[in-house]
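A short worksheet on the structure shown next.
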Amino acid sequence: DQQVKQNSPSLSVQEGRISILNCDYTNSMFDYFLWYKKYPAEGPTFLISISSIKDKNEDGRFTVFLNKSAKHLSLHIVPSQPGDSAVYFCAAIGGAGTASKLTFGTGTRLQVTL
Amino acid sequence: NAGVMQNPRHLVRRRGQEARLRCSPMKGHSHVYWYRQLPEEGLKFMVYLQKENIIDESGMPKERFSAEFPKEGPSILRIQQVVRGDSAAYFCASSSPDRGRYEQYFGPGTRLTVT
């Protein structure tokens, strides 16, 4: 039962353009969401998070949008850079206010081309 | 560097041997999590620990796997009598939710190969 889904296994974007990575979830108990970036042979690196009481959070080139009614979130990267090429994982926590396990999606491989 | 430390980075074991994976959390973090990534899959939660306590082990296989986070020293994930299916990347993460931050920060992982 995949509670966090990233339906696009890969995405290719030109340098300078916007990258949009999507994530859907099914568990309505999730109330805190995170995006991680992962390079091969390294651990995931935290990028940005959002609480379910918000619908947008921005940090530099990264913006996360949350649509609770649709159980959907997206990560926007603008402008995209070649160094952004990596696998991006969406993750969710149920019951923010308590430390809890992360439930991960299967990842989207982003390639930023010159 | 005050990041999450894991060792060894690579570990090769023959079937039936024991594997011990170590994790030192970020400075100031008291919560440790272990995740496993099988080839071509996402990360799956295994266990969540605080000092001297297992909080959630719902993702741990029932047999051969154990974890601890002693009062002193690193957290240890122990796999007894390893089998080929245990070959994976094992990641440790730490957090400091008592400071109102729920982000988990990951170490570089230990890549276990069972031959």
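The values are calculated or read from the model by the stated rules, or taken from the named source; none is laboratory data. Model, not experiment: these values are computed from the prediction. For neighbour counting, all protein chains shown are included, and Cβ atoms are generated from backbone atoms with ideal geometry for every residue, glycine included.
List the number of the failed condition for A:Ser12; all other conditions in (1) under 13 Å from the mean Cα position of the chain (by Cα); (2) farther than 20 Å from B:Phe91 by Cα; (3) away from chain B (no Cβ under 12 Å); (4) modelled with pLDDT of 95 or more hold.
(1)
Given (1) modelled with pLDDT of 95 or more; (2) part of a strand (DSSP E or B); (3) surrounded by 21 or more Cβ atoms within 10 Å (Cβ to Cβ); (4) not small (Gly, Ala, Ser), where does B:Gln104 come up short, assuming only one miss?
All conditions are met except number (1).
Let's see how each residue does on (1) within 9 Å of another protein chain (Cβ to nearest Cβ); (2) more than 18 Å from A:Val4 (Cβ to Cβ):
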site	(1), (2)
A:Lys37	no, no
A:Phe46	yes, no
A:Ile50	no, no
A:Ile53	no, yes
A:Lys56	no, yes
A:Val64	no, no
A:Leu73	no, no
A:Val87	no, no
A:Phe104	yes, no
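In the stretch A:43-61, how many are closer than 22 Å to A:Ile18 by Cα and among the hydroxyl-bearing types (Ser, Thr, Tyr)?
2
Filter the stretch B:8-17 down to the residues that are more than 13 Å from chain A (Cβ to nearest Cβ) and either touching a helix residue (DSSP H, G or I) at 6+ places or on another chain (Cβ under 9 Å) or part of a strand (DSSP E or B) (or both) and list them by number. Steps first, please.
The first filter runs over the stretch B:8-17 and keeps only residues more than 13 Å from chain A (Cβ to nearest Cβ), leaving B:8, B:11-17.
B:Leu11, B:Val12, B:Arg13, B:Arg15 - these are the residues of the stretch B:8-17 that are more than 13 Å from chain A (Cβ to nearest Cβ) and either touching a helix residue (DSSP H, G or I) at 6+ places or on another chain (Cβ under 9 Å) or part of a strand (DSSP E or B) (or both).
Please specify each residue of the stretch A:34-56 satisfying the condition of being over 23 Å from B:Gly3 (Cβ atoms) and either outside any strand (DSSP E or B) or of a type outside the set (Gly, Ala, Ser) (or both).
Selection gives A:Ile50, A:Ser52, A:Ile53, A:Lys54, A:Asp55, A:Lys56.
Is at least one residue of the stretch B:56-78 polar (S, T, N, Q), exposed (fewer than 14 other Cβ atoms within 10 Å of the Cβ) and outside any strand (DSSP E or B)?
Going residue by residue through the stretch B:56-78, those that are polar (S, T, N, Q) are B:58, B:66, B:75.
Adding the requirement that they be exposed (fewer than 14 other Cβ atoms within 10 Å of the Cβ) leaves B:58.
Filter once more, keeping what is outside any strand (DSSP E or B): B:58.
Looking through the stretch B:56-78, at least one residue is polar (S, T, N, Q), exposed (fewer than 14 other Cβ atoms within 10 Å of the Cβ) and outside any strand (DSSP E or B).
Given the conditions (1) more than 11 Å from every other protein chain (Cβ to nearest Cβ); (2) within 18 Å of B:Met5 (Cβ to Cβ), which single one is not true for B:Glu63?
Only one criterion is unmet by B:Glu63, namely (2).
Pick from B:Arg111, B:Arg84: which is under 12 Å from the mean Cα position of the chain (by Cα) and basic (Lys, Arg)?
Details: B:Arg84 fails: under 12 Å from the mean Cα position of the chain (by Cα).
That would be B:Arg111, the only listed residue that is under 12 Å from the mean Cα position of the chain (by Cα) and basic (Lys, Arg).
Specify the residue that is farthest from the chain's Cα centre (by Cα); the eligible residues are those in the stretch B:18-55 that are small (Gly, Ala, Ser) and not in a loop (DSSP other than H, G, I, E, B). It would help to see each step written out before you state the result.
Taking the stretch B:18-55 first, the residues small (Gly, Ala, Ser) are B:19, B:24, B:28, B:30, B:42.
Filter again for not in a loop (DSSP other than H, G, I, E, B), leaving B:19, B:24.
Values: B:Ala19: 12, B:Ser24: 10 Å.
So the residue we want is B:Ala19.
Return yes when B:Lys51 is among the basic types (Lys, Arg), under 20 Å from A:Leu102 (Cα atoms) and away from chain A (no Cβ under 11 Å) and no when it is not.
On the way: among the basic types (Lys, Arg): yes; under 20 Å from A:Leu102 (Cα atoms): yes; away from chain A (no Cβ under 11 Å): yes.
So B:Lys51 fits the description; yes.
Can you name the residue in the stretch A:17-33 that is closer than 18 Å to A:Pro79 by Cα and part of a loop (DSSP other than H, G, I, E, B) and is also nearest to the other protein chains (Cβ to nearest Cβ) among such residues? Lay out the reasoning, then the answer.
First pass over the stretch A:17-33, keeping only residues closer than 18 Å to A:Pro79 by Cα: A:17-22.
In the following step, the residues that additionally are part of a loop (DSSP other than H, G, I, E, B) were identified as A:17-18.
Working: A:Arg17: 26, A:Ile18: 24 Å.
So, considering only residues that are closer than 18 Å to A:Pro79 by Cα and part of a loop (DSSP other than H, G, I, E, B), the one nearest to the other protein chains (Cβ to nearest Cβ) is A:Ile18.
Look through the stretch B:79-89, keep the residues that are of a type outside the set (Ser, Thr, Tyr) and surrounded by 15 or more Cβ atoms within 10 Å (Cβ to Cβ), and return whichever of them is farthest from B:Lys27 (Cα to Cα).
So the first thing to find is which residues in the stretch B:79-89 are of a type outside the set (Ser, Thr, Tyr), and the list is B:79-86, B:88-89.
Filter once more, so that each one left must be surrounded by 15 or more Cβ atoms within 10 Å (Cβ to Cβ): B:79, B:82, B:86, B:88-89.
Working: B:Ile79: 26, B:Val82: 31, B:Asp86: 30, B:Ala88: 27, B:Ala89: 23 Å.
The residue in question is B:Val82.
Can you spot a residue in the stretch B:74-81 that is within 14 Å of chain A (Cβ to nearest Cβ), touching a strand residue (DSSP E or B) at 6+ places or on another chain (Cβ under 9 Å) and closer than 21 Å to B:Val4 by Cα? Working first, answer last.
First, pick out the residues of the stretch B:74-81 that are within 14 Å of chain A (Cβ to nearest Cβ): none.
No, that holds for no residue.
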